[in-house]
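Visitor: What follows is a single structure, and I will ask about it in a moment.
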Amino acid sequence: MNTAFALMACYKSALIPLETVGSEYLGLGKREVNEQAARNRLPFPAIRLSDSNKAPRFVRVEELANWIDHQAAAAQKSWLQSQV
């Protein structure tokens, strides 16, 4: 199954709130994930839909899916190397 498609089905949106991504995928709380986003230290871009600093941040499904796929490929490679 395509990761982006699965995420779209799960969240029913092309954009996922950053706080949701932070807690469900990164183990970060609201404050920490927003601080990391402000410093561009997340493994994917976080966007705002307006210029206001108070606007919530989101992550595009495609960006999160690419990161998940990359992490899965790295884990698969590591696992395969340990099976020798």
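Visitor: Restricting to the stretch 29-82, name every residue that is surrounded by fewer than 17 Cβ atoms within 10 Å (Cβ to Cβ) and acidic (Asp, Glu).
Guide: Passing the criteria: 32, 35, 51, 62, 69.
Visitor: Ok, one more. May I ask you to verify whether residue 5 is of a type outside the set (Ser, Thr, Tyr), surrounded by 16 or more Cβ atoms within 10 Å (Cβ to Cβ) and touching a helix residue (DSSP H, G or I) at 6+ places or on another chain (Cβ under 9 Å)?
Guide: no
Read-outs: derived from the displayed coordinates by stated rules, not from any lab. Treat the numbers as computed from the prediction; the structure is a model and nothing was measured. Virtual Cβ from ideal backbone geometry, glycine too; neighbours counted across all protein chains shown.
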